[in-house]
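The structure appears below as C-alpha cells.
The values are calculated or read from the model by the stated rules, or taken from the named source; none is laboratory data. All of these numbers come straight from a predicted model, not from anything done at the bench. We place every Cβ from the backbone using ideal geometry, glycine too, and count neighbours over all the protein chains shown.
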Amino acid sequence: MQERDGWKRMNKRQVGAQYEQAAARYLEQRGYRIIESNFRCRCGEIDLVAREGAYLVFVEVKYRKDTGAGEPLEAVDYRKQRQISRTAAFYLLRRGYGENTPCRFDVVAILGEEVRVIQNAFEYVP
C-alpha cells in the first residue's frame, strides 16, 4: 500500500474485498447464510453465494464512494449480468446442484455509507 497525505491507499481488489466482507456481514444480519465468497472460473467471478429461504442466491457487490462514477447498480449492466449468469450456471454444475434448484440474482449496492440489497435484481441472461 502506498502512503498519500497520511492515508493508506488500497488497490481496487483490496477495496472490493473489504466491501464484499461488509456486504456478507450485512446479508447475514438479514438472514442470509453465506456459502462461498469469490467463486472464480474462466467465465468470471461471483462475489458471494448464499442461501436465503429456499433460494440459492448469487450476489454481486458494487461499491461507489459517491455518484461521480455513477450509481453502483449502473455497473451491473447487461454484459455483467450475462457474465454472472454464465458463472452461476457453471457453479451449479460444478457444485452438483440440480437444474431445478431455485436461484436468484441479488445485488448489494453500497454508496458511501448507504447499503441497499436489491433482491432478484435481474433474471438469468443466457
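For region 51-90, the set of residues classified as of a type in the set (Lys, Arg) and either without any contact (Cβ under 8 Å) to a residue 24 or more places away in the chain or surrounded by fewer than 17 Cβ atoms within 10 Å (Cβ to Cβ) (or both) consists of Arg51, Lys65, Arg79, Lys80, Arg82, listed by residue number. Considering Thr101, Thr67, Thr87, which residue is in contact with a strand residue (DSSP E or B) (Cβ under 6 Å, 6 or more places away or on another chain) and at pLDDT below 95? The unique qualifying residue is Thr101. Hey, can you tell me all the residues within region 91-115 that are basic (Lys, Arg) and free of Cβ contacts under 8 Å to residues at least 40 places away in the same chain? Arg95, the sole residue that qualifies.
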